[in-house]
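What follows is calculated from the coordinates using simple rules that are stated; it is not laboratory data. The structure displayed is predicted, hence computed values, not measured ones. Because the Cβ atoms are built from the backbone with ideal geometry, glycine has one as well, and the counts that use them run over all protein chains shown.
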Amino acid sequence: MPAVSNSQRNTLFRVVVLIGMVLAWAAVWHGVQELSGLFRAIGVDFALYRAQTLAFLAGGGSALYDLRALSQQLQPLQVYTTNPTLPLEPGLASYPALFIWLFIPFAKLSPLLGFALWTLLNFGAAVYLGLRTAQFFSKSDRWWVTGLVLTCFPVFFALLTGQPVIVLGCAIAEAMISFSAGRPLRAGLWVAVLALKPEYIVLVGLLLLWKRQWRAVLGAAAGAAAIVAGSVLVAGPAAVLTYPAALSDKMDFHGSGGPVFPSSMINWRGLILRLAPAIENHTGLLLTVVLGLVTVGLAAWALRGPWAATRRGLASTWVIVIVATLLAGYHSHGHGAVLLIPPMAAFAAEGSARRLGSLAVKVLIALPTVICAAYYSSELAAWPLTIGMILLFVAAWGECEEVQAEARLRTAALRFIPRVS
């Protein structure tokens, strides 16, 4: 019998891992559906988008961000839960009117068919994200990277809840690829897609302004303006003016009174609540703000050098800015880590994931899957996601320091090269 090569063993191991992850997520989906049915956990965000869209169709722009109108459209979905007498908790989706208008075809279908097609669309986006992310790696590894993207916790959680954040992850992948190809205007247009969830574009936009990437800024501004103009066109100026209020998390620090679940978040707010569940609202909020400002300050210090034009520099830059966005944000759930997939993959592909970076990647990919499959708990899965992001931030910080040190050495060396007269 011929001996099995190391390459064959490695391939077999990868196939077994991917099959195991698919089976684990199938078990989780089935288990959660047995516990709560649909639209209480599974499809919870889809249900909110659907209710908000139906409220918009019934009452126009004035009803778009009306919580009472949304609640009226949401409650008929109780019959799909395992406890149809318990009302569903309403909550406003922090998306502009243009997104709600684009959601109309799904809202007009029956809830089950609409959710099935919405999930299929998001799965297609996940396949695209996997394929584009795999471009950072050699051809022999691309099937493995694509499989990991499709089976990682953030992508599964986004599909489970009906979150469209996978599309935003695709936009980040395209922006990174465009920057690497020397096409900043196109990169900026992709960055503008993040404006569909404005809290995700703030630090990226500030970074582009700070580094004077004017063509990218122009693309991002044009794309964001198109989203605003489209929202005004479909819902009217009044709806757009009330949109900022929908962005604010009206719940207290503990998230009581709505489907917020802050203890399951992967930001400082969630970490504080998991460590100190009884903390007072104002104390927790103050700690969150302070830690958020410190995170942004550390990110700014790490990125203080010139704009990183190399793929290696871009990877660490994007890791830092996306991790800072997720940690410092006030409302960051596990599915938001989809945004980190392209920069994390590029970081690993460029050989930047040294010992600490490699550990962070493993923590981010493996542990959330194991924990969620064992306990059906997004709150427990938030632990390795948060810790992994912190480790990845530190690893990317070190990489940025090395890139900047090399740039300084090159600059110093050029000063001593004798000029040819």
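Applying the Karplus relation 6.51 cos²θ - 1.76 cosθ + 1.60 with θ = phi - 60° to the range 124-132 yields 3J(HN,Hα) values of x, 5, 5, 4, 4, 4, x, 5, 6 Hz, where x marks Gly and Pro.
As a proxy for reagent exposure, ranking Lys139, Lys211 by other Cβ atoms within 10 Å from fewest up yields Lys139, Lys211.
Dividing the summed helix terms, -39500 (n - 2.57) for each DSSP H run of n ≥ 4, by the number of residues in the chain produces a 222 nm estimate of -22500 deg cm²/dmol to the nearest 500.
Mean projection of the Cα convex hull over all viewing directions, computed for the range 293-379: 6.3 nm². Its residue count N sets the reference 2.2 N^0.38 Å, and the alpha-carbon radius of gyration of the chain equals 1.02 times that reference.
Taking 0.36 nm per residue of sequence separation and removing the Cα-Cα distance, the Ser71/Lys139 pair yields an extension gain of 19.6 nm.
Where does each of Asp141, Asp66 land when they are ranked from fewest to most other beta-carbon atoms within 10 angstrom?
Values: Asp141 13, Asp66 16.
Lowest to highest Cβ neighbour count: Asp141, Asp66.
When Leu271, Leu102 are arranged by Cβ crowding within 10 Å, least crowded first, meaning fewest neighbours, the order is Leu102, Leu271. In the calculated pair-distance distribution of the range 258-412, the portion above 27 angstrom amounts to 25 percent of the Cα-Cα pairs.
Report the full-extension gain for the segment Ala276 to Ser358: residue separation times 0.36 nm, less the Cα-Cα distance, to one decimal in nm.
26.5 nm
The local environment of Ala134, defined by Cβ-Cβ distances under 12 Å, has a net charge of +2 under the rule Lys, Arg +1 and Asp, Glu -1.
The alpha-carbon atoms of the range 153-307, seen along their principal axes, cover 50, 43, 31 angstrom, with the largest extent given first. Working from Cα pairs under 8 Å separated by at least six residues, relative contact order for the chain is 16 percent.
Using a cutoff of 8 angstrom between alpha carbon atoms and counting only pairs six or more residues apart, the relative contact order for the range 258-412 works out to 30 percent.
Relative contact order for the range 152-235 using alpha-carbon pairs under 8 Å, separation at least 6, rounded to a whole percent? RCO, the range 152-235: 26 percent. Each peptide in 185-192, 75-82 was scored by the mean count of other Cβ atoms within 10 Å over its residues; highest first, the order is 185-192, 75-82. Each label point was placed 7 Å from the Cα along the Cα-to-Cβ direction; for Phe13 and Leu209 their separation is 4.7 nm.
Spelling out what I want: for every residue of the range 167-177, take phi, set θ = phi - 60°, compute 6.51 cos²θ - 1.76 cosθ + 1.60 (Karplus), and round to whole Hz; glycine and proline get x. For the range 167-177, the Karplus curve yields 4, 5, x, 4, 5, 5, 4, 5, 4, 5, 5 Hz. In this structure the amide hydrogen of Gly37, modeled in the peptide plane, comes within under 5 Å of the amide hydrogens of Thr82, none closer than 5 places in sequence on its chain.
Given R0 = 51 Å, the distance between the Cβ atoms of Val370 and Leu102 translates into a calculated FRET efficiency of 0.90.
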